[in-house]
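> Let me give you the structure first, and then I'll get to my questions.
The values are calculated or read from the model by the stated rules, or taken from the named source; none is laboratory data. Keep in mind that this is a model prediction, so the values were computed, not measured. Every residue, glycine as well, gets a Cβ built from its backbone with ideal geometry; the counts of neighbours run over all protein chains shown.
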Amino acid sequence: MPRASKLVALAATALLTAGLAACSTSPAADTGAEPGSASGDFTPITIEHALGTTEITEKPERIATVNWANQEVPLALGVVPVGMARADFGDDNGDGILPWVSEKLDELGGETPVLFDETDGVDFEAVADTNPDVILAAYSGLTQEDYDTLSEIAPVVAYPETAWATSWRDMIRLNSQGMGLETEGDALITELEGEIEATAAKYPSIQGKKTMFLTHVDETDLSQVSFYTTHDTRSAFFEDLGMTFPQSLVDASASTDQFSQTISAEQTDTLADVEIIVTYGGEELVQTLQGDPVLSQIPAVANGSIVNLPGTEPLGTAANPTPLSISWILDDYVALLSQAADKVQ
């Protein structure tokens, strides 16, 4: 039996068995329908995205999410998904759930969703077993094949343009639309924007600083430097905070739609306009960079204007802004950026 047909059969079988409970909904996201039932005044939804067009004809009650952080949209709107991706980065206690997600689940009092192990890609059979009405993946790296296979299970909301480049606003906007909660999603965006603006205002030294985000640096091989382009959500968040991109990063990003790039160390003289660097590592990394005859010429390195984030802990993970992590980490993160800004000469 073809894989996609097998998945449909699995989903159909699961529908006839005692499956998971329907999504629980808090009063904040109450649409007037009992869990598991369709709302009588639901208007069918059409969502255009990079991988196709998704039609949702009935109010989704059972929400599944795949890939990074998409579960945070339903949770922020008071809906506990039936299944979501297991956290494989930044998990501080090994339970597969990031702390801000765990706190929200406790707040909502819902049953812990099934955790999909995506170590080797999307677990299609596990997703099918949760009997979803819709699958949210507005922030994801789904391939066309992934999307087509998931669409055999339920309607899928994919990313709008480029894999792994969906802004946190569009993640909320598309995923909430796919749930039939577009108005609530817009309100969440407005709320987070106000929180970001208020926090950034407390740290005026970061305003206008030219900042770039290096990916994990291999201290044993400094012959190359990798960085997140302006298309990446980690970089884009700097602009939300009132910071700016160095022109060198803008130029390097103009020739690609990818979220990261790598250049040789000999090319780092083009980064002479970088005032602040954010990266993953510790104090040893700063010393290594400053001791390198080439990389030490970057102004941010020379001045020590570097924000080191723990690469495997929640603080590092939350530098990639998501609906629940923004509030959880915002003050701490901006305070670190401010400390780096104070060293700019």
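> Does segment 140-168 hold any residues that are of a type outside the set (A, V, I, L, M), assigned to a loop (DSSP other than H, G, I, E, B) and either assigned by the TED database to the domain that holds Q258 or within 20 Å of F259 (Cβ to Cβ) (or both), and which are they?
S140, G141, T143, Y159, P160, E161, T162, W164, T166, S167
> Also, quick follow-up: For segment 107-118, which residues satisfy the criterion of being surrounded by fewer than 15 Cβ atoms within 10 Å (Cβ to Cβ) and either part of a strand (DSSP E or B) or at pLDDT 95 or above (or both)? Give the derivation first.
Within segment 107-118, the first condition is being surrounded by fewer than 15 Cβ atoms within 10 Å (Cβ to Cβ), and the residues that meet it are 107, 109, 111-112, 117.
Once the filter is applied, which keeps residues that are surrounded by fewer than 15 Cβ atoms within 10 Å (Cβ to Cβ) and either part of a strand (DSSP E or B) or at pLDDT 95 or above (or both), segment 107-118 yields E107, D117.
> Then there's this: Sort through E219, E239, E193 and tell me the only one that's in a loop (DSSP other than H, G, I, E, B) and surrounded by fewer than 22 Cβ atoms within 10 Å (Cβ to Cβ).
After applying the criteria, what remains is E219.
> Further question on the same structure: List pairs: first in segment 301-330 and part of a loop (DSSP other than H, G, I, E, B), second among the acidic types (D, E), Cβ under 7 Å, 6+ apart or cross-chain?
These pairs meet every condition: S305/E275; E313/D92; T322/E72; P323/E72; L324/E72.
Yes/no per residue for (1) in contact with a strand residue (DSSP E or B) (Cβ under 8 Å, 6 or more places away or on another chain); (2) closer than 22 Å to G178 by Cβ; (3) of a type in the set (K, R); (4) free of Cβ contacts under 8 Å to residues at least 40 places away in the same chain:
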{"position": "K59", "(1), (2), (3), (4)": "no, yes, yes, no"}
{"position": "V73", "(1), (2), (3), (4)": "yes, yes, no, no"}
{"position": "N93", "(1), (2), (3), (4)": "no, no, no, yes"}
{"position": "L105", "(1), (2), (3), (4)": "no, yes, no, yes"}
{"position": "V114", "(1), (2), (3), (4)": "yes, yes, no, no"}
{"position": "T119", "(1), (2), (3), (4)": "no, no, no, yes"}
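> Being crowded, with 16+ Cβ neighbours inside 10 Å, part of a loop (DSSP other than H, G, I, E, B) and within 28 Å of the chain's Cα centre (by Cα) narrows it down to one residue among V278, V274; which is it?
On the way: V278 fails: part of a loop (DSSP other than H, G, I, E, B).
Result of the check over V278, V274: V274.
> What are the residue pairs meeting all of these: first residue in segment 151-164, first residue over 14 Å from T130 (Cα atoms), second residue assigned to a loop (DSSP other than H, G, I, E, B) and of a type in the set (D, E), Cβ atoms under 7 Å, and 6 or more apart or on different chains?
T162/D257
> Right, another one. Just checking, how many residues over segment 50-103 are within 21 Å of T143 (Cβ to Cβ), outside any strand (DSSP E or B), touching a Ser or Thr at 6+ places or on another chain (Cβ under 8 Å) and not hydrophobic (A, V, I, L, M, F, W, C)?
4
> For the condition buried (at least 24 other Cβ atoms within 10 Å of the Cβ) and on the phi < 0 side of the Ramachandran plot, what is the one hit in N93, N70? Quick ask: steps written out before the conclusion?
Working: N93 fails: buried (at least 24 other Cβ atoms within 10 Å of the Cβ).
When all the criteria are applied, what remains is N70.
> Has segment 98-109 got at least one residue that is in contact with an Asp or Glu (Cβ under 6 Å, 6 or more places away or on another chain) and farther than 19 Å from W168 by Cα?
no
> If you don't mind, another one. Whether any residue in segment 312-321 is at pLDDT below 95 and acidic (D, E) is what I want to check.
The answer is yes, given that some residue of segment 312-321 is at pLDDT below 95 and acidic (D, E).
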